[in-house]
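Below: the structure, in structure tokens.
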Amino acid sequence: MALSHCTDLSVTEQRLLLVIARSSICTGPDKYEADGPDVDGLTPALRAKRAVFVTLTQSARLRGCIGTIEPVATLARAVADSAHSAAYGDPRFPQMRVDELEKTAIEISVLTAMEPLAASSREALLAELRPGVDGLLLEDGPHRSTFLPKVWEQLPDGERFFGELLAKAGLPANHWSSSLRLHRYQTLTFGDAST
């Protein structure tokens with residue numbers, strides 16, 4: 001199922017998603033309701049299946065980031081699940097303590113549909129990518145990784161962006177093969193300070 005473009009979320013809907021994210025973290029690591037937020041009364045946009053990432057930061061430093069590439073749950077549920085997992089299930093960090101939430105900024109990135117990129121070479125791929133706009137999903141056999149468009153802020157050079165994405169997937173930075181599959185996407189990104 002194709003995703004609709006994600007600029008259709010109102011400021012009110014964005015604020016509600018941030019409340020849902022923060023509420024799911026407030027439950028703590030062990031009391032999260034597996035059925036997620038009640039969707040009754042939510043707008044159609046919040047009940048639509050969407051792919052989403054939730055990023056947590058403290059003093060501008062990453063504290064957790066979890067999400068989905070495929071739209072497997074309603075947007076409200078996906079935000080709740082991803083926020084809870086970012087706080088308590090990101091293997092790169094210890095579980096968040098509930099008292100940390102006050103100093104934690106939440107950012108939500110809602111993904112558009114994936115667009116296949118049929119680049120015949122690394123150079124062709126880099127010519128197609130739009131820095132600051134495109135996120136990139138890379139798959140090659142069992143190797144898979146993605147960078148959200150926001151990562152361009154830390155890696156503004158296309159060559160480095162792609163090399164780091166390959167490394168994240170467990171591949172050499174100079175890797176290229178005929179089995180490599182690439183998809184780009186965009187995000188609507190908003191957080192505590194932007195709504």
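The values are calculated or read from the model by the stated rules, or taken from the named source; none is laboratory data. Here the structure is a predicted model, which means the values were calculated and not measured. Heads up, the Cβs are rebuilt from the backbone with ideal geometry, glycines too, and the neighbour counts pull from every protein chain shown. Accessible surface is based on the protein model in full, side chains and every heavy atom, while ligands, DNA and RNA are left aside. Shrake-Rupley method; radii C 1.70, N 1.55, O 1.52, S 1.80 Å.
Each row is one residue, and each column tells you yes or no for (1) at pLDDT 95 or above; (2) under 18 Å from Ser59 (Cα atoms); (3) exposed (fewer than 15 other Cβ atoms within 10 Å of the Cβ).
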position: Thr104; (1), (2), (3): yes, yes, no
position: Ser120; (1), (2), (3): no, no, yes
position: Arg130; (1), (2), (3): yes, no, yes
position: Leu138; (1), (2), (3): yes, no, no
position: Phe147; (1), (2), (3): yes, no, no
position: Arg160; (1), (2), (3): yes, no, yes
position: Pro172; (1), (2), (3): yes, no, yes
position: Asp192; (1), (2), (3): no, yes, no
Thr112 vs. criteria open to solvent by 30 Å² or more (accessible area, probe 1.4 Å) and under 30 Å from Val11 (Cα atoms): no
Failed condition for Leu126, given (1) of a type in the set (A, V, I, L, M); (2) open to solvent by 10 Å² or more (accessible area, probe 1.4 Å); (3) closer than 17 Å to Thr189 by Cβ: (3)
The range 93-116 residues that are free of Cβ contacts under 8 Å to residues at least 40 places away in the same chain, paired with ones that are outside any loop (DSSP other than H, G, I, E, B) (beta carbon under 7 Å, 6 or more apart): Phe93/Arg63; Phe93/Gly64
Single residue of Arg63, Arg92, Arg97, Arg77 found to be touching an Asp or Glu at 6+ places or on another chain (Cβ under 9 Å) and open to solvent by 50 Å² or more (accessible area, probe 1.4 Å): Arg77
The lone exception for Val151 - which of (1) open to solvent by 40 Å² or more (accessible area, probe 1.4 Å); (2) in contact with a Leu (Cβ under 9 Å, 6 or more places away or on another chain); (3) among the hydrophobic types (A, V, I, L, M, F, W, C); (4) assigned to a helix (DSSP H, G or I) it fails: (1)
Filter pass, Thr55 being in contact (Cβ under 8 Å) with a residue 24 or more places away in the chain and within 24 Å of Arg184 (Cα to Cα): yes
